[in-house]
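**Student:** Handing you a structure now.
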């Protein structure tokens, strides 16, 4: 573990409970974690189709559906042997981390993948010719780096987004585009800061109110897991996992590690 220089901006104010945003378990996150605040509870979830969904907890009715990454050609039809291009692709849209909620700004925060896909469906004879137990993805290539289609960065669609969406209305208030996909957690703090990282290994702190970049540092490996804040010996720390590698994602091959960041003594005073 390594300690990094960090900025002095109200990091000494952790939320009072995990339910308010520092810990995320599951895909549905209550937009109103406090049932006594007199306001509507609205579970939200993000999906592989590139949208954020808000629901009325009392009726299960849909409150809003808002795009949070590039959505293009989703109604294209598939024909055997013909290339079909669409966004988000198979690894675009959302991945495994859930949305975050900042009760101070009433914003839902989501990190997204902006990565399109081109696939070539097989005809029925080709599909039936695949032996039992062999890899099968319904397309005319066995390239292990393209099992979900041709996800090329050359067409300009390799990026990520952080969207801040009003929890009541679904209207986005600010957004930030990254040069790399964002599949890790987005973590807000009570100090008005939002932390996130991208697959380029860049770790950032943003102003929760407007998305302005406050600080950033390259950590040496792709960031795809959780981001937590905690207190140790009276000092607040930020911990983030870096070094994510997977065949479907063209990331830098490095040894995974946990990075621990905090205020240096000069900044804290």
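A short reminder: the numbers here are calculations on the coordinates, not readings from a lab. Since the model is a prediction, treat every value here as computed from it, not as a measurement. A quick note on method: Cβ atoms are made from the backbone with ideal geometry, for glycine too, and the neighbour counts reach across all protein chains shown.
**Student:** Give the calculated FRET efficiency between residue 255 and residue 131 to the nearest 0.05, with a Förster radius of 51 Å applied to their Cβ-Cβ distance. Don't skip to the end; give the middle numbers.
**Tutor:** Numbers: r = 37 Å, r/R0 = 0.73.
Efficiency at R0 = 51 Å is approximately 0.85.
**Student:** Which shape class, rounded, prolate or oblate, goes with region 160-222 when its Cα gyration tensor gives a ≥ b ≥ c as root eigenvalues, a/c under 1.5 marks rounded, and past that a/b bigger than b/c marks prolate? Provide the component values of the computation, followed by the final result.
**Tutor:** Numbers: a/c = 2.21, a/b = 1.57, b/c = 1.41.
Verdict is prolate for region 160-222.
**Student:** Same structure again: Which ordering of 115, 161 is given by a fewest-first count of other beta-carbon atoms within 10 Å?
**Tutor:** 161, 115
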